[in-house]
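For reference, the structure discussed in these notes is given below.
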């Protein structure tokens with residue numbers, strides 16, 4: 001998938017992946033790939049700065065945890081993050097509806 005297609009949607013994708021359980025960065029990347037059927041292969045250089053930014057604005061919290069014998073920073077959605085995710089989902093539905101209306105083949109007029 002074209003990386004430019006993700007621009008503006010990364011926050012919603014990350015918040016959605018973290019909705020059900022806390023995850024560390026690499027597990028988030030794996031979840032994005034799995035949930036997209038392999039279409040999304042997001043580089044760590046995109047994910048980690050976004051996670052830190054989402055934490056700074058209060059949508060995520062993080063803590064160090066030992067996962068598989070390794071210390072990893074685990075991210076968790078906050079209540080504010082859950083509200084933001086719902087807003088992102090609503091905006092996405094509006095966006096896809098509007099774009100779908102434009103991309104749908106036009107009905108042919110009788111001549």
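Where a number appears in this text, it was derived from the coordinates with a stated rule and is not lab data. In this text the structure is predicted, and so the values were computed from the model without any measurement. In this analysis, Cβ positions are derived from the backbone assuming ideal geometry, glycine residues included, and neighbour counts consider all displayed protein chains.
Would you calculate the separation in nanometres between label points at residue 44 and residue 57, each defined as 7 Å from the Cα along the Cα-to-beta-carbon direction? Taking the two extended label points, one gets 2.5 nm.
Determine the gain in length on full extension of the stretch residue 19-residue 36; use 0.36 nm per residue of separation and subtract their C-alpha separation, reporting nm with one decimal. Value of the extension gain: 4.5 nm. Length gained on full extension, residue 95 to residue 6: 30.7 nm, using 0.36 nm per residue less the C-alpha separation. In the chain, the ratio of gyration radius to Kirkwood radius, Rg to Rh, stands at 1.11 when only Cα atoms are counted.
Counting only alpha carbon atoms, the long axis of helix 79-103 and the longest principal axis of the chain meet at about 20°. Per residue of the chain, the DSSP helices (runs of n ≥ 4 H) give a summed -39500 (n - 2.57) that works out to -16500 deg cm²/dmol at 222 nm.
Available extension along the chain between residue 64 and residue 76 is 3.2 nm, counting 0.36 nm per residue and deducting the alpha carbon span.
Look at the alpha carbon pairs under 8 Å that are at least 6 residues apart: their mean separation over the length of segment 31-107 gives a relative contact order of 17 percent. With angles folded into 0 to 90 degrees, how steeply does helix 25-35 sit against the dominant principal axis of the chain? Use alpha carbons for both and round to 10. Compared with the principal axis, the helix lies near 30 degrees. If R0 is 41 Å, the Cβ-Cβ spacing of residue 104 and residue 83 corresponds to a FRET efficiency of close to 0.80.
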